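Everything below concerns the one structure shown next.
The values are calculated or read from the model by the stated rules, or taken from the named source; none is laboratory data. Note that the structure is a prediction, hence the values are computed from the model and not measured. Cβ: placed from backbone, ideal geometry, glycine included. Neighbour counts: every protein chain shown.
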Amino acid sequence: MSDAQTQLEIITDPEAFRALQSDWDALWSRANGRHHQAFAVCWLCWLHVAQPAGRQLRCIVCREHGKLVMVWPLVTYRQVFWTLLRPLTPDTAEHTSILLDDEVCAPEMIASACRAATRLSGADVFLAPYLSEGSHLHDVVRQQAGAVFLERDIAPMAKLRDETDWDTFCSTLGRLSGRKPGARERRLAKEGRVAVRLLSSESAEEYASFVDWLLACKREWAQRTGKKGAWLYSPAYRDFLINLLRPAQGDAMARLFVVTLDEAPVAALIAGIGKSCIVELISGFDAAYSAFSPGSIAIEHFVKWTLQQRKDLDFGVGSESFKAYWSRDNIVVTHSFRIANTRWGLVAIRANEAAKIFKRRISDLRSILRQTKRLNVSDGLSSEDKAMERTSANAD
């Protein structure tokens, strides 16, 4: 950017980062910012997750004629022998995006921000997960000399802001697992008194206990499905969620939905608030009631509430059937990249790729050994044993 009135800088001092709040809030409002782009959310990410983990701020900002027009909060950290750069997040699956004023030249400014991230951050590798396909940032990152494509994902998005009313919207839906909206709640109501609460500031003292309950349910689910993430077991993430719901100052950046049966919780969901879009942050349910799909009841009330707010709904990355149902198959395709900023960073990427190949080959070898072992056991059986085995199989 050659304009002398345009100033790009990388902020590394937490106090200077915090001093951006007023200008950042104004930019977020002008740009219809997403939940993860809000200053309040990013400050909590820094305060409760990134700073305690020993990460360093690398927040790229740009001003035009003194006015803040771009913010891209990033952090660096050490991993083995390398310095890595990544977006400032609570360590969950978040979109990579830049908060940008609509009135500026987006392609040029985004290109300048990427140059700063890759050349001036001091990092060997830049991690850019979940970039929306077709966005300016995606195109710039994809064209970087050291960019390596990692994976493709989808993020279902329910376009609700232009919907007129709930019944009309539901009439455009089919059935989810054979049931229409409202059916699951009526079925659960046969077991007792069902209530769906959207907690308010008057219930602030309940937030911590419900967050603990929700995380416990999510951990049980992760254990059952094998989908574990370090963030799920992190006290820092717990504190981050509680402070989103009950901030020390300012407006809450999240809302909590709780489904109860005879006053005992059976499902809960936390939604992150954006200017024109609301995002599902985390949800969970009591596995003892899985036959009644209480999580689906929480989702349904969340969708209805979002529609009433006249905002869109981002279900986050994932291809679960309920996301496709409520979004009416409207998806955002995302791509994740690693970028080697230095030759040493290229070594890190190649080493990571080699480790993945080695891991896959070990897994394949174990599979072959298991099959060989079964064949050897079968070959060692007498003809009478084999006949008995076949007879048993036929009986089953």
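Numbers at a glance
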quantity: Those residues of segment 332-349 which are of a type in the set (S, T, Y) and either at pLDDT 95 or above or not assigned by TED's automatic domain parsing to the domain that holds A117 (or both), in sequence order; calculated: T334, S336
quantity: Qualifying residue in segment 94-104 (condition: part of a strand (DSSP E or B) and not assigned by TED's automatic domain parsing to the domain that holds D251); calculated: yes
quantity: All helices (runs of 4 or more DSSP H) inside segment 130-203 with 1 or more residues being assigned by TED's automatic domain parsing to the domain that holds L244; calculated: 166-170, 183-189
quantity: Output for segment 166-193, where each listed residue is closer than 16 Å to L313 by Cβ and free of Cβ contacts under 8 Å to residues at least 60 places away in the same chain; calculated: C170
quantity: When residues of segment 222-234 are limited to those that are under 17 Å from the mean Cα position of the chain (by Cα) and not basic (K, R), the one surrounded by the fewest Cβ atoms within 10 Å (Cβ to Cβ); calculated: A230
quantity: Filtered residue count, segment 105-120, keeping only those that are closer than 20 Å to A31 by Cα and not in a helix (DSSP H, G or I); calculated: 1
quantity: Matching residues, segment 250-264, being in contact with a helix residue (DSSP H, G or I) (Cβ under 9 Å, 6 or more places away or on another chain) and on the phi < 0 side of the Ramachandran plot; calculated: D251, A252, M253, A254, R255, L256, F257, V258, V259, L261
quantity: Q5 being among the polar types (S, T, N, Q) and surrounded by fewer than 16 Cβ atoms within 10 Å (Cβ to Cβ); calculated: yes
quantity: Options A31, A38; residue that is at pLDDT 95 or above, farther than 28 Å from A348 by Cβ, buried (at least 22 other Cβ atoms within 10 Å of the Cβ) and small (G, A, S); calculated: A38
quantity: Residue in segment 333-349 that is farthest from T83 (Cα to Cα), counting only those that are out of contact with any His (no Cβ under 8 Å at 6 or more places or on another chain) and part of a strand (DSSP E or B); calculated: V333
quantity: Where a residue in segment 8-33 is under 21 Å from D102 (Cα atoms) and its partner, wherever it lies, is aromatic (F, W, Y) and surrounded by 13 or more Cβ atoms within 10 Å (Cβ to Cβ), with Cβ under 7 Å and at least six apart; calculated: L20/F39; Q21/F39; W24/F39; D25/F39; W28/F39
quantity: Residue, farthest from Y289 (Cα to Cα), within segment 223-253, restricted to residues that are of a type in the set (A, V, I, L, M, F, W, C) and without any contact (Cβ under 8 Å) to a residue 40 or more places away in the chain; calculated: A248
